[in-house]
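Q: First, the structure itself, so that you have it in front of you.
The values are calculated or read from the model by the stated rules, or taken from the named source; none is laboratory data. Everything numeric in this text was worked out from a predicted model, so none of it was measured. Every residue, glycine as well, gets a Cβ built from its backbone with ideal geometry; the counts of neighbours run over all protein chains shown. Calculation scope for accessible area: heavy atoms of the full protein, side chains included, ligands and nucleic acids excluded. Shrake-Rupley method; radii C 1.70, N 1.55, O 1.52, S 1.80 Å.
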Amino acid sequence: YTTQHPMHLTSIPPFDLRNAINLEDAFGNNLGITEVPEIDAPKATDIRHIFMNCVNVESGAYAQYLRFSGQAKPPAQYDKAFLNCGSDTESGRAELQQIPASWGGTAE
């Protein structure tokens, strides 16, 4: 991966985020990533916009939504976490249809 600018990442490195509290905008607006990796962040309370506008994502958004929402203590702030995540790919749009609108998906 490159560290020049987050817009140029082609994948998200395996960061240790187990103690992260605020992940707001952590990976948002990244046009290079095509997969949302499994992120283990059980203490995260704010994930607003974490993958917003990552339009080229093909997979992983729904699995990550399930992981965040299924935590013992889900994040309190998650507005637009997945808004437009994968919207430019067929498989990404299919995943968005499974994520609730309150999280940035298109499911009702």
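Q: Among all residue pairs at least 6 apart or on different chains, which show Cβ distances below 7 Å where the first residue, located in the range 13-30, is among the β-branched types (Val, Ile, Thr) and the second is assigned to a loop (DSSP other than H, G, I, E, B) and at pLDDT 95 or above?
A: Sorted first by the residue in the range 13-30, then by its partner, the pairs are ILE21/LYS43; ILE21/ALA44; ILE21/THR45.
Q: Let me ask another. For residues in the range 69-108 being within 22 Å of ASN22 (Cβ to Cβ) and not in a loop (DSSP other than H, G, I, E, B), which is least open to solvent (accessible area, probe 1.4 Å)? Reasoning before the result, please.
A: Within the range 69-108, the first condition is being within 22 Å of ASN22 (Cβ to Cβ), and the residues that meet it are 69-85, 99-100, 102-105.
Going one step further and asking which of them are not in a loop (DSSP other than H, G, I, E, B), we end up with 69, 77, 100, 102-103.
Details: SER69: 40, GLN77: 84, PRO100: 33, SER102: 65, TRP103: 16 Å².
So the residue we want is TRP103.
Q: If I filter the range 10-68 down to residues being touching a Gly at 6+ places or on another chain (Cβ under 8 Å) and of a type in the set (Asp, Glu), which single residue comes out as farthest from ARG93 (Cα to Cα)?
A: GLU38
Q: Please enumerate the residues belonging to the range 15-48 that are open to solvent by 40 Å² or more (accessible area, probe 1.4 Å), closer than 20 Å to GLY105 by Cα and in a loop (DSSP other than H, G, I, E, B). Don't jump to the end; show me each part of the working.
A: Going through the range 15-48, the residues open to solvent by 40 Å² or more (accessible area, probe 1.4 Å) turn out to be 15-16, 18-19, 21-22, 24-26, 29, 31, 34-35, 38, 40, 42-43, 45, 48.
Filter once more, so that each one left must be closer than 20 Å to GLY105 by Cα: 24-26, 29, 31, 34-35, 38, 45, 48.
Matches in the range 15-48: GLU24, ASP25, ALA26, ASN29, LEU31, THR34, GLU38, THR45, ARG48.
Q: Considering only residues that are of a type in the set (A, V, I, L, M, F, W, C) and either touching a residue at least 40 places away in the same chain (Cβ under 8 Å) or closer than 17 Å to ALA44 by Cβ (or both), look in the range 57-68 and name the one that is surrounded by the fewest Cβ atoms within 10 Å (Cβ to Cβ).
A: Restricting to residues being of a type in the set (A, V, I, L, M, F, W, C) and either touching a residue at least 40 places away in the same chain (Cβ under 8 Å) or closer than 17 Å to ALA44 by Cβ (or both), the top hit is LEU66.
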